[in-house]
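Report on the following structure.
The values are calculated or read from the model by the stated rules, or taken from the named source; none is laboratory data. Because the structure is a prediction, the values reported are computed rather than measured. Neighbour counts run over all protein chains shown; Cβ positions are idealised from the backbone, glycine included. All accessible areas refer to the heavy atoms of the entire protein, side chains included, with ligands and DNA or RNA removed. Shrake-Rupley method; radii C 1.70, N 1.55, O 1.52, S 1.80 Å.
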Amino acid sequence: MKRFIFAATAALAAAALPTTASAEDKLVYDDLVHCAAFNKVIADVMGSGADGAKNKAAVDTYNTQSLALMAIAAVGADKTAEVVLGDTNKRTEVVMTTMLDKATPSDYIKTNFDKCTTMGKAAVSIVEDSKKGK
């Protein structure tokens with residue numbers, strides 16, 4: 001199963017960034033952690049404020065995608081869950097700061113949203129398939 005998830009990690013990165021198909025494992029890991037952080041930020045933003053309760057389904061989806069990306073990153077890079085969570089939390093701070101910076105172009109958010117939600121959906125599918133023994 002570890003080989004399957006490692007291959008899936010490479011496939012996720014290649015799907016999101018076609019130019020990284022031959023990239024080093026660190027780039028793959030960093031991309032997975034970045035997208036895990038981005039999904040977490042989206043969940044946190046959607047879950048806050050007066051609309052937080054009505055966005056529960058979407059918040060759960062983004063949190064699930066974040067967790068799936070972290071699981072694949074951990075297995076693919078042979079790191080502990082604690083290390084991946086720590087790296088993701090550090091990256092979450094960077095993503096949040098970047099998104100709040102008025103100098104950040106809006107295409108940063110759109111590009112990352114498209115890429116990271118696609119990777120998140122794929123990661124959830126891979127994790128669910130692995131639970132079923134596929």
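Calculate the dipole size of region 25-64 relative to its Cα centre from +1 charges on Lys and Arg beta carbons and -1 charges on Asp and Glu beta carbons; express the result in debye to the nearest 20. Spell out each step's value before the answer.
Details: 4 positive and 6 negative charges, 35 e Å.
Around 160 debye, computed over region 25-64.
Accessible surface computed residue by residue for region 33-134, with neighbouring protein chains in place and a 1.4 Å probe, gives 55 Å² per residue. Counting only protein heavy atoms, what percent of the accessible surface of region 28-134 is carbon or sulfur at a 1.4 Å probe? Ligands and nucleic acids excluded, carbon and sulfur reach 59 percent.
Could you rank the peptides 113-124, 87-98, 43-54 by their average count of other C-beta atoms within 10 Å per residue, with the highest value first?
Most protected by this proxy first, the peptides run 113-124, 87-98, 43-54.
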